[in-house]
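Before any comments, here is the structure.
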Amino acid sequence: MELKKYQFWFCTGSQDLYGDECLAKVAQHSKQIVDKLNKSGMLPYEVVWKPTLITNELIRKTFNEANADENCAGVITWMHTFSPAKSWILGLQEYRKPLMHLHTQFNEELPYDSIDMDFMNENQSAHGDREYGHIVSRMRIERKVVVGHWSDPVVVGKIASWMRTAVGIMESSHIRVMRVADNMRNVAVTEGDKVEAQIKFGWEVDAYPVNEIAESVAAVSQSDTNALVDEYYDKYDILLEGRDPEEFKKHVAVQAQIELGFERFLKEKNYQAIVTHFGDLGALKQLPGLAIQRLMEKGYGFGAEGDWKVAAMVRLMKVMTAGMKDAKGTSMLEDYTYNLVKGKEGILEAHMLEICPSIADGPISIKCQPLSMGDREDPARLVFTSKEGHGIATSLIDLGNRFRLIINDVECKKTEKPMPKLPTATNFWTPEPDIYTGAEAWILAGGAHHTAFTYDLTAEQMGDWAAAMGIEAVYIDKDTKIRDFKRDLMLGEVFYR
Ligand code: MN
């Protein structure tokens, strides 16, 4: 995945009341903090030190430079001393990118023996950050507040986590979804207002006739296709299940040709996400299965049956987790069927074909099986089970007058036994706080059967993204109680009308 080399500006607030010596120390301290943050090895993006902000003019100029700088994904602000907050109004008013308020101070401990009034004037974040925080709240500006000493790994971790949210906010308006099929007939939850999505999230959602992309597929040469088939056979186990090896390979080759044709078409037209529909395939010989799975692994968003909201959300999550060390994966999933045996409850997650192999655990195999729906050749697909551990399942829904993001913390597990007859990749999870409360809350909130799922982001990160987009986020997690949850939904109806 190619992303910009994003940076975050570190802006320290002060004023000229305390003399040059004090201001020199403020600058020196903030440089030291920036240096330490960059050397922590914990931040996904670089922090850039900026000269201390002490006047209206400089504050306004700096925020506008941040707006104009394509690589700047956000500003981290901190008031080392007192900084009268009226000086910040114009700059904040004109600033349009993610904002963090790092509420820290240079020294960790009270210097009991040496503390005097000069020290107090120089080190008064507890004081100055409250003045600054007040104006940001009064101006109703969405921002992240992180509290603690800058050397604390917990604090650095919070900055790192927010940086990914900020990049999600910045990159949201660069998401372009290609629809080569409309929404599945009569299905409600995958529908939505595409114009409103562009206004809120910056997403461009465009339609193309499926046969235009089919032509791009047909144009892929035999030799390119064969080379990719060789790569597949090298990388994945082949599960013939009684099929003729040559016939099987021909089916796989159809997917290789689709992968190359789709990728070329998406690149040429500058789209980062795509939707398909099993009932609208034009000249394509198979429903894209293995092909879409591979594209998702490369970072493309995907939604099935015309589900452009999930396609955009999967892309967003791929962007937010880009370059993450030890990432466990992100995929579209679908709630399919339950295990309701007491103590073993969970939801079997799958789709007809299109699950991203980034979430796979263990070997990945190619199978070729008929689809029960549609009228095409048996499609080749990657089959695997998924990693264990914590993840989040999200559903973005259109409530008619507005969007809501539903975020459920889930615990992914291995199924008790293998499912040898199931020809799809799977995940299996128990929603928090338990399946009964989790599913009840999900249904009350209007959550879809399709989800954008990841192991690598938190509910907080997605909720902060939603807040920056100006939409409601509801959380289903270990603390969820139905009575409170219903009240949250009612409050949302009032607040987000
Ligand atoms: Mn589906």
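The values are calculated or read from the model by the stated rules, or taken from the named source; none is laboratory data. Since the structure is predicted, the reported quantities are computational estimates derived from the model, not experimental observations. FYI the Cβ positions are ideal-geometry reconstructions off the backbone, even for glycines, and counts take in every protein chain you see.
Inspect all residues belonging to segment 209-228 and state whether any of them is surrounded by 13 or more Cβ atoms within 10 Å (Cβ to Cβ) and either among the aromatic types (Phe, Trp, Tyr) or under 20 Å from residue 398 (Cα atoms) (or both). No; the residues of segment 209-228 include none that is surrounded by 13 or more Cβ atoms within 10 Å (Cβ to Cβ) and either among the aromatic types (Phe, Trp, Tyr) or under 20 Å from residue 398 (Cα atoms) (or both). Of everything in segment 112-166, what is among the acidic types (Asp, Glu), in contact with a strand residue (DSSP E or B) (Cβ under 8 Å, 6 or more places away or on another chain) and surrounded by fewer than 16 Cβ atoms within 10 Å (Cβ to Cβ)? Give them in sequence order. Passing the criteria: only 142.
Checking each residue in segment 427-444 for being within 19 Å of residue 356 (Cα to Cα) and more than 16 Å from the ligand (Cβ to nearest atom) picks out 428, 429.
Close Cβ contacts (under 9 Å, 6 or more residues apart or on different chains) running from residues in segment 227-252 that are under 17 Å from residue 293 (Cβ atoms) to residues that are of a type in the set (Ser, Thr, Tyr) and part of a strand (DSSP E or B) comprise 236/365; 237/365; 238/365; 239/365. Within the option set 411, 493, being assigned to a strand (DSSP E or B) and surrounded by fewer than 17 Cβ atoms within 10 Å (Cβ to Cβ) holds for one residue only, 411.
Would you say residue 374 is more than 17 Å from residue 422 (Cβ to Cβ), small (Gly, Ala, Ser), buried (at least 24 other Cβ atoms within 10 Å of the Cβ) and within 16 Å of the ligand (Cβ to nearest atom)? Taking the combined requirement at face value, the residue does not satisfy it. Of all residues in segment 289-310, those that are within 13 Å of residue 266 (Cα to Cα) and without any contact (Cβ under 8 Å) to a residue 60 or more places away in the chain have Cβ atoms under 7 Å from Cβ atoms of residues that are within 15 Å of the ligand (Cβ to nearest atom) and acidic (Asp, Glu), 6 or more apart or on another chain, in 302/354. Considering only segment 375-401, state which residues are closer than 26 Å to residue 313 by Cα and either out of contact with any strand residue (DSSP E or B) (no Cβ under 8 Å at 6 or more places or on another chain) or aromatic (Phe, Trp, Tyr) (or both). The answer is 384, 398, 399, 400, 401. Where strands (runs of 3 or more DSSP E) sit wholly within segment 282-368, those with at least 1 residues that are aromatic (Phe, Trp, Tyr) and either surrounded by fewer than 23 Cβ atoms within 10 Å (Cβ to Cβ) or more than 14 Å from the ligand (Cβ to nearest atom) (or both) occupy 330-339. Restricting 429, 442 to those that are at pLDDT 95 or above, part of a strand (DSSP E or B) and surrounded by 19 or more Cβ atoms within 10 Å (Cβ to Cβ) reduces the list to 429. Taking residue 457 as the residue in question, decide whether it is of a type outside the set (Phe, Trp, Tyr), away from the ligand (no atom under 16 Å from the Cβ), surrounded by 17 or more Cβ atoms within 10 Å (Cβ to Cβ) and within 27 Å of residue 293 (Cα to Cα). Here the answer is yes, as residue 457 does meet what is asked. Can you find a residue that is farther than 25 Å from residue 255 by Cβ, among the basic types (Lys, Arg), in contact with a His (Cβ under 9 Å, 6 or more places away or on another chain) and modelled with pLDDT of 95 or more anywhere in segment 133-145? For segment 133-145, residues farther than 25 Å from residue 255 by Cβ, among the basic types (Lys, Arg), in contact with a His (Cβ under 9 Å, 6 or more places away or on another chain) and modelled with pLDDT of 95 or more: present.
Counting only residues that are in a strand (DSSP E or B) and surrounded by 17 or more Cβ atoms within 10 Å (Cβ to Cβ), segment 390-404 holds 10 of them. Taking the numbered list (1) within 16 Å of the ligand (Cβ to nearest atom); (2) within 19 Å of residue 386 (Cβ to Cβ) in turn, residue 447 passes all entries but (2).
Let's see how each residue does on (1) among the polar types (S, T, N, Q); (2) touching a residue at least 60 places away in the same chain (Cβ under 8 Å):
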position: 54; (1), (2): no, no
position: 93; (1), (2): yes, no
position: 98; (1), (2): no, yes
position: 107; (1), (2): yes, no
position: 115; (1), (2): no, no
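Being within 25 Å of residue 236 (Cα to Cα), away from the ligand (no atom under 13 Å from the Cβ) and in contact with a His (Cβ under 6 Å, 6 or more places away or on another chain) is a property that residue 380 has. Can you tell me how many residues in segment 163-184 are touching a helix residue (DSSP H, G or I) at 6+ places or on another chain (Cβ under 7 Å) and more than 12 Å from residue 319 (Cα to Cα)? Residues that pass the stated criteria total 5. Any idea how many residues of segment 14-36 are modelled with pLDDT of 95 or more and either polar (S, T, N, Q) or touching a Leu at 6+ places or on another chain (Cβ under 9 Å) (or both)? Total satisfying the criteria: 4.
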